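The values are calculated or read from the model by the stated rules, or taken from the named source; none is laboratory data. Because the structure is predicted, anything quoted here is derived from the model rather than measured. Backbone-built Cβ (ideal geometry, glycine too); neighbour counts: all protein chains shown.
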Amino acid sequence: MWRYALRRLVLAVPVLLGVSTGVFLMAALVPGDPATVLAGDTASVAQIERIRQDLGLDQPLPIQYARFMERLILHGSLGESTRTHREVLVEIMDRMPYTLELAIGAVILSTLVGVASGVVAAIYRGRRWDYGITGVAAFALAIPSFLIAILMILLFSLQLRWLPVTGAGTWQHLVLPTVALALHSAAVKARITRSSMLEVLGHDYLRTARAKGLRERVVVIRHALKNALIPITTLIGLQFGSLLGGAFIIENIFGWPGIGRLATQAVFNRDFPIVQGTVLVGAVIYFSANLVVDLLYAWLDPRIRYS
Amino acid sequence: MIRLARLVPVFLFIVAACGGPPPSSSQGPAATAASKVGGTVTFPAITDPDTLDLHKTSNPVSSTIFGFIYEPLVDQDLSNNYIGRLAESWTVSPDNKIITFKLRKGVRFTDGSAFNAEAAKFTFERLQKVGAKSPIFPTFSNVIKMEAPDELTFTMTLKDPYAPIFHDLATSYAGILSPSAVKAANDDIGRTAIGTGSYKLKEWQTGQQIVLERNAEYAWPLAFFANRGAPYIEQIRYRVIPEPNSQLAALEAGEIDSLGLPAKDLPKYQNDPRFKIYDSLTFGLTYLGFDAKRKPFDDPKLRHALAQAVNKQEIVDVVFEGKLARAACCPIAESIQGYDPKLKEFELKFDTAKAKTELDAIGYKAGASGLRTAPDGSAFKPVLYTSNSDTHGKIATLLQAQLKAVGVDLQVKQLEPGALLAATPKAEHDLYLNGYSWNEPDMFSLFLSCDRIASSNRVLYCNPELEKLIVAGRTTLDQAKRMQIYFDAQKLTLQEAPWQPLYMPIGKTAVSVKIQDLKQSASGGVFWHDAWVKK
């Protein structure tokens, strides 16, 4: 397994280099000149030109690319934010704990709620609980997360005054953005768990387990759920990336100081080192989450071998 | 003015932290100076400041915070006249090239060091070296020498006389730095701001908030404040809330104390006893520009005709519900020195019949569909470029309808601000809808001069006659003569119509009634030095 993990890590290097190159080229092709944006709309040509020189944007694209890669590979540096003049990594690390707090909170919440609901819906297939859960899941899938966020602010912050509208730092601040971010993901997990459980529940080995006199709870949790979890585990890995993406919107609505907001502002400000940095860090997280998921397969299903 | 135009009403409201009107008598008999001290006022900010290094930014959020932390040499009084702030007085040499400032005694930076002429010299020399991003950087390329002959005398020698210099010196970007603090921070002062202002930086939680703390040692407020010592409000807090709807929710929930209101929410808050509404004017306006360099809008007759098809009042009534804007007649907004109501006589007023007649006369004939073709028979579909803001989108839609009424099929292209800034110098557009914000009649040199064609002159208009007036306006210090020059410049602009001025935004800001003794200047700037929070 460790050899497999190492191989995956080695393979990640060209992937991340490819991502870096792609983001660099995308930044170069986006309309809008960072120097013009930074200078503001009262700047003179000389001012814009000086800023362009300061940022190295007066150099041909291949030279800019070579410098970018040199900095990245030889010094492990993502450069300096053109807006704040701080190291990109410092900017990202300032925000990363908030985004991880939100994304991990949403993964845990959506997994607990989604898996539990899916199991209940599968056990009570065709009955009231099943219809209720699949109906709520369909609703949660259909309604966009920003709308959920606004409705929750109206109810819990303005009407009931239980939770703050914006900000970060306390558990109260975490509740609304986590729920808004987790809801969609929980609905997907509920549906996948339900269908996966229904498939597993029909297998012979469960009938055997019941025939052995095992309690239904043990049958469902230990024998059925563990096997049904494989597709859910894959989904968690994939959704971790989309939760980071979804955080872009949620962070803006709730004024949550994560990397989603940092990246959004960077795009508008043409702060390309930050854009490149956030995409690269996002790719690393996405890659790591999926590697962990792949490694978990072996624990969930001992028949899986890594070669 | 892409970013500024959207933010200016709010920031005009907030930024006037330390200038202000004569004291009012509304402080209440029971409230003594000591009992007023304390409390926190929280403002929303759409983003973090990019940096608190005032030489490395043109960001409006940064500028607002500079207004509390730093102080410039010069300020403006209620009638827009220039007065001393850290300078007590100044004299200008007969050739208008040397300005000698007498500085205020006893002023100290919040790091304990003394403010003196060396600090002023150090600050502006640093600006010349590293200040390319500062809006006042071009001004200092005209400064050839700075001297500090004694502790409290500072002189600036200009290459050419430059009338707008006092405007630039009065902006928050011209605040004076503490040389010892800059050296201690190894010139990295992006997050350690040390000034002489009435507040000092307490905490900056990236992406969350900036907290400013009362400078208890502050003892040099401008003469017209009733409060002769440090400000009463203990903390000023800027909460970063990017979404406008979340800002409104935060106001409702009491998480912030002040917010610039959109037109749709104004009626709700006007009758809300928790808030008081303050009006403020913008130092600028929004205009419809024509790309005057390229065909067909290089023809002033075509610009003239289309300008008259525009119904400014309809824009004010529909987009701003008649409340958050006022129709503008002339290139210089009402709030700026140089505005002259006599210019209304030369305004190109809304007149559909006249617009049609003039279009017919220059060969833009209407076909069977009612739409006009160019004189060579080709389709006439001018393209309007504007930002992707909701307001600009609504105005563009109205303009489409208004121009359609005279047979012109206007196409609209809304771009994200960064893309718009890049597109306009390339002259991709025919028409351009945007605004400016600049509290100086010399705005002509920024937005309509020949040497700004590849940058801030986004209508690419270059007229040698106007150019002469612009140069004369910049170099004439005699106020009466200078105002006459700008009268002539505006008259010429109205006749040539590279711009059709549309409206001047009016800010409406809801402020919690717990904040007492907030005062306003005539243009709506709000001053916090006398204000206090009711416990």
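Brief remarks follow.
- Considering residues of region B:451-470 that are surrounded by fewer than 17 Cβ atoms within 10 Å (Cβ to Cβ) and under 22 Å from the mean Cα position of the chain (by Cα) only, the residue modelled with the highest pLDDT: B:ASP451
- Subset tally (residues that are part of a loop (DSSP other than H, G, I, E, B) and surrounded by fewer than 24 Cβ atoms within 10 Å (Cβ to Cβ)) for region A:241-274: 0
- Selection within region A:132-162 - closer than 16 Å to A:GLU251 by Cα, within 12 Å of another protein chain (Cβ to nearest Cβ) and surrounded by 14 or more Cβ atoms within 10 Å (Cβ to Cβ): A:PHE146, A:ALA149, A:ILE150, A:MET152, A:ILE153
- Per-region count, region A:115-131, residues assigned to a helix (DSSP H, G or I) and under 13 Å from A:THR193 (Cβ atoms): 10
- Here the strands (runs of 3 or more DSSP E) wholly within region B:348-445 that include at least 2 residues being within 14 Å of chain A (Cβ to nearest Cβ) and among the aromatic types (Phe, Trp, Tyr) are B:431-437.
- Residue list for region B:466-478, filter: out of contact with any helix residue (DSSP H, G or I) (no Cβ under 6 Å at 6 or more places or on another chain) and among the acidic types (Asp, Glu): B:ASP478
- Test for B:ASP150: is it within 13 Å of chain A (Cβ to nearest Cβ), on the phi < 0 side of the Ramachandran plot and in contact (Cβ under 8 Å) with a residue 12 or more places away in the chain: no
- Within region A:54-66, one or more residues are in a helix (DSSP H, G or I) and within 14 Å of chain B (Cβ to nearest Cβ).
- Test: residue in region B:316-329 that is in contact (Cβ under 8 Å) with a residue 40 or more places away in the chain, of a type outside the set (Asp, Glu), farther than 18 Å from B:LEU398 by Cα and out of contact with any His (no Cβ under 6 Å at 6 or more places or on another chain): yes
- Residues in region A:163-173 that are within 11 Å of chain B (Cβ to nearest Cβ) and of a type in the set (A, V, I, L, M, F, W, C) were compared, and the one that is farthest from B:ARG239 (Cα to Cα) is A:LEU163.
- Residues that are part of a loop (DSSP other than H, G, I, E, B) and closer than 20 Å to B:THR475 by Cβ within region B:100-149 comprise B:ILE136, B:SER141, B:ASN142, listed in sequence order.
- Residues satisfying the stated conditions in region B:104-120, i.e. touching a residue at least 40 places away in the same chain (Cβ under 8 Å), over 13 Å from B:GLY195 (Cβ atoms) and touching a Leu at 6+ places or on another chain (Cβ under 8 Å): B:ARG104, B:LYS105
- Residues located in region B:199-222, provided they are in a loop (DSSP other than H, G, I, E, B), out of contact with any strand residue (DSSP E or B) (no Cβ under 7 Å at 6 or more places or on another chain) and polar (S, T, N, Q): B:THR206
- Test: residue in region B:280-287 that is modelled with pLDDT under 95, farther than 28 Å from B:LEU384 by Cβ and not in a loop (DSSP other than H, G, I, E, B): yes
- Inspection of region B:396-414 finds no residue satisfying the criterion of being within 22 Å of the chain's Cα centre (by Cα) and buried (at least 17 other Cβ atoms within 10 Å of the Cβ).
- Check on A:VAL219, hydrophobic (A, V, I, L, M, F, W, C) and within 30 Å of B:LEU248 (Cβ to Cβ): no
- Those residues of region B:50-68 which are more than 21 Å from B:TYR218 (Cβ to Cβ) and not polar (S, T, N, Q), in sequence order: B:ASP50, B:ASP53, B:HIS55, B:LYS56, B:PRO60, B:VAL61
- Test result for B:ILE194, within 23 Å of the chain's Cα centre (by Cα), at pLDDT 95 or above, under 23 Å from B:THR51 (Cβ atoms) and β-branched (Val, Ile, Thr): no
- For region B:513-529, taking the residues that are part of a loop (DSSP other than H, G, I, E, B) and touching a helix residue (DSSP H, G or I) at 6+ places or on another chain (Cβ under 9 Å), the one that is nearest to B:VAL41 (Cα to Cα) is identified as B:TRP528.
- Candidate set: region B:246-255, residues that are facing chain A (nearest Cβ under 7 Å) and either surrounded by fewer than 24 Cβ atoms within 10 Å (Cβ to Cβ) or among the β-branched types (Val, Ile, Thr) (or both); chosen: the one farthest from A:ARG161 (Cα to Cα): B:SER246
- On inspection, A:LEU206 fails the criterion of being modelled with pLDDT under 95, surrounded by fewer than 18 Cβ atoms within 10 Å (Cβ to Cβ), more than 14 Å from chain B (Cβ to nearest Cβ) and within 26 Å of A:LEU243 (Cβ to Cβ).
- Within region B:458-503, the residues that satisfy the criterion of being closer than 20 Å to B:ARG294 by Cα, of a type outside the set (A, V, I, L, M, F, W, C) and not in a helix (DSSP H, G or I) are B:ARG458, B:TYR461, B:ASN463, B:PRO498, B:GLN500.
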